[in-house]
Amino acid sequence: MSDLISKSLASQPAPVVQEGSAWRRALTLPSLPEAHRSIPIGPNLSWFRKVLAFAGPGYLIAVGYMDPGNWATDLGGGSKFGYTLLSVVLLSSLMAMFLQALSAKLGIATGRDLAQACRDHYSRRTTIFLWIVCELAIAACDLAEVLGSAVALKLLFGVPLLLGVVITAFDVLLVLALQGKGFRLIEAFVVTLIGTIGMCFAYEIFFARPLWLEAAWGFLPRLQILTDKEMLYIAIGILGATVMPHNLYLHSSIVQTRAFGEDERGRREAIKYSTIDSTVALTFALFINAAILALGAAAFHTRGLNDVADITEAYKLLSPVLGVSLASTLFACALLASGQNSTLTGTLAGQIVMEGFVQIRLKPWIRRLVTRLIAIVPAILVIAIAGEGKLTSLLILSQVVLSFQLPFAVIPLVQFTSEKAKMGVFVNSRLTTAIAWVVAAGILFFNGELLWLIFRGT
């Protein structure tokens, strides 16, 4: 691997150190060059038409906040603890909105995605470390997508789980087909699948009849979450499944697909509308995640079924519990849509991270297959050795792994957007900087608390 990195770096133009610049190296190629500034923003557009012109990247980001990993953590939290962990869903969603806004600002203000910014600021050793950590996060996320899609194929079509895992390797063909048709088509496809997921859960919630007053109280934080190891473990999983580290890299890149004005006014306007886009999209993701947890609470917890954390078990129980024949089928359809959606964004994120950190440019199908194989191997081993009953535990573990990798993306993001030398007039205000560091500290605290409870054995 080190030889591959060295050869790739050697083939790139020598980095230029700019005297007096905040960056150690000059920016070489734009992020995702085939899509960079490919979507025009016409002059003199109305407010509404500008919102539509900038809409899209936020929904690609939102996909990562409703992937199969979220299903496992939300269902587990809802069935075991009722509506209590809705407060964690809300808190993590607000954190995600804030961090994604910073990510979009970084990309628009500096012309760098987060991976490029890390490469252009840190030493090579630190850059390689951050790249490896980010690749592990993408692999953990991809593992959730592999398992989720395989389970959905089994539930809908009776495909054996091991075969379903292997089939997921070929969804790269879908990614390649869409990438060749333009970025707007990718965005439209993703929005369509998100809408499908939303309609499926609206149907489920209608028949589940949640206890709305209890659900409302569930959005208020409780100290019990920090003191109960099992509850905290799922809470950390929800945090890891909601605030996705690779999404910060992805967002800082794909906001640059818009051909906004490159002067101060144009960039300020782009930051404004990109923030609107991501906030609206992530609000929708918040409702989806809350709906999954509320479904687990209403359909299972209130009926004394407190251990339904397994997706397959939930599928089997939904129709008889709710008394609606379509409930289980729509649940599986939404799961399949979720897995395929995440596949698209995972491919883009992997390309951005590899090109940004170490300037390795692979063909998309090679990059996708490598990432997917890294996820398939542990999935096959778990299924073959431990059995299908351990899949949900593996899903939740993958989300906890993501949460522990979050600081390595969040801290550089906050650092860069808080430096005037890098951001110029777009630097974070003192209040924004303070909030950003509180968010970063909060993530570190939750992870540290979980470690303490695990090693203390209580």
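How many residues are among the aromatic types (F, W, Y) and surrounded by 22 or more Cβ atoms within 10 Å (Cβ to Cβ) when one looks only at segment 313-346?
Of segment 313-346, the ones among the aromatic types (F, W, Y) are 315, 331.
Retained after the next criterion (residues that are surrounded by 22 or more Cβ atoms within 10 Å (Cβ to Cβ)): 331.
Counting residues in segment 313-346 that are among the aromatic types (F, W, Y) and surrounded by 22 or more Cβ atoms within 10 Å (Cβ to Cβ) gives 1.
E264 is checked against (1) surrounded by fewer than 17 Cβ atoms within 10 Å (Cβ to Cβ); (2) modelled with pLDDT under 80; (3) not small (G, A, S) and fails just one. What number does that condition carry?
(2)
Could you give every pair whose Cβ atoms fall below 6 Å, whose first residue belongs to segment 397-426 and is touching a residue at least 40 places away in the same chain (Cβ under 8 Å), and whose second residue is among the small types (G, A, S) and surrounded by fewer than 17 Cβ atoms within 10 Å (Cβ to Cβ), counting only separations of at least 6 or pairs across chains?
A421/A22; K422/A22
What number of residues within segment 347-385 are open to solvent by less than 10 Å² (accessible area, probe 1.4 Å), at pLDDT 70 or above and under 17 Å from the mean Cα position of the chain (by Cα)?
6
Could you tell me whether any residue of segment 192-207 is modelled with pLDDT under 85, in a helix (DSSP H, G or I) and touching an Asp or Glu at 6+ places or on another chain (Cβ under 7 Å)?
no
State all residues of segment 228-265 that are farther than 26 Å from V353 by Cα and without any contact (Cβ under 8 Å) to a residue 12 or more places away in the chain; if no residue qualifies, say none.
To start, the set of residues in segment 228-265 that are farther than 26 Å from V353 by Cα comprises 228-235, 263-265.
D228, D263, R265 - these are the residues of segment 228-265 that are farther than 26 Å from V353 by Cα and without any contact (Cβ under 8 Å) to a residue 12 or more places away in the chain.
Scan segment 229-248 and give yes if some residue there is closer than 24 Å to G339 by Cβ, part of a loop (DSSP other than H, G, I, E, B) and either in contact with a Pro (Cβ under 7 Å, 6 or more places away or on another chain) or among the β-branched types (V, I, T) (or both), otherwise no.
Yes.
Using beta carbons and a limit of 8 Å, which pairs, at least six apart or on different chains, have the first residue in segment 178-195 and open to solvent by less than 50 Å² (accessible area, probe 1.4 Å) and the second one polar (S, T, N, Q) and modelled with pLDDT of 85 or more?
That search, which allows pairs on different chains as well, returns G182/S38; F183/S38; F183/T257.
I'd like to check something: does segment 112-122 contain any residue that is within 24 Å of T275 (Cα to Cα) and in a loop (DSSP other than H, G, I, E, B)? So that I can check it myself, show each step before the final result.
Here is the first cut: in segment 112-122, the residues within 24 Å of T275 (Cα to Cα) are 112-118.
Narrowing the set further to residues that are in a loop (DSSP other than H, G, I, E, B) leaves 112-113.
Yes, the conditions are met somewhere in segment 112-122.
How about segment 65-86: which of its residues are among the polar types (S, T, N, Q) and open to solvent by 10 Å² or more (accessible area, probe 1.4 Å)? Outline the logic, then answer.
The first filter runs over segment 65-86 and keeps only residues among the polar types (S, T, N, Q), leaving 70, 73, 79, 84.
Once the filter is applied, which keeps residues that are among the polar types (S, T, N, Q) and open to solvent by 10 Å² or more (accessible area, probe 1.4 Å), segment 65-86 yields only T84.
Using the structure shown, decide if A104 is aliphatic (A, V, I, L, M) and either outside any helix (DSSP H, G or I) or farther than 29 Å from A434 by Cα (or both). Explain how you work it out, then say what you get.
Values: aliphatic (A, V, I, L, M): yes; either outside any helix (DSSP H, G or I) or farther than 29 Å from A434 by Cα (or both): no.
Taking the combined requirement at face value, the residue does not satisfy it.
Can you pull out the residues in segment 134-167 that are in contact (Cβ under 8 Å) with a residue 60 or more places away in the chain, farther than 16 Å from S338 by Cα and more than 13 Å from the chain's Cα centre (by Cα)?
Selection gives E135, L136, L161, L162, V166.
State whether one or more residues within segment 421-434 are modelled with pLDDT under 75 and part of a helix (DSSP H, G or I). Before the answer, list the steps.
Step one: filter segment 421-434 for residues modelled with pLDDT under 75, giving none.
Checked segment 421-434: no residue is modelled with pLDDT under 75 and part of a helix (DSSP H, G or I).
Could you look through segment 285-312, keep only residues that are assigned to a helix (DSSP H, G or I) and of a type outside the set (A, V, I, L, M), and pick out the one that is surrounded by the fewest Cβ atoms within 10 Å (Cβ to Cβ)? Working first, answer last.
Let us first name the residues in segment 285-312 that are assigned to a helix (DSSP H, G or I), namely 285-299, 301-303, 311-312.
From the residues that got through so far, the ones that are of a type outside the set (A, V, I, L, M) too are 287, 289, 296, 301-303, 312.
Numbers: F287: 18, N289: 26, G296: 28, H301: 23, T302: 18, R303: 12, T312: 16.
Among those that are assigned to a helix (DSSP H, G or I) and of a type outside the set (A, V, I, L, M), it is R303.
The values are calculated or read from the model by the stated rules, or taken from the named source; none is laboratory data. Predicted model only: the values in this text are computed from it and were never measured. Counting neighbours? That spans all protein chains shown, and the Cβs are built from the backbone with ideal geometry, glycine included. Ligands, DNA and RNA are excluded from the accessible area calculation, which covers all protein heavy atoms including side chains. Shrake-Rupley method; radii C 1.70, N 1.55, O 1.52, S 1.80 Å.
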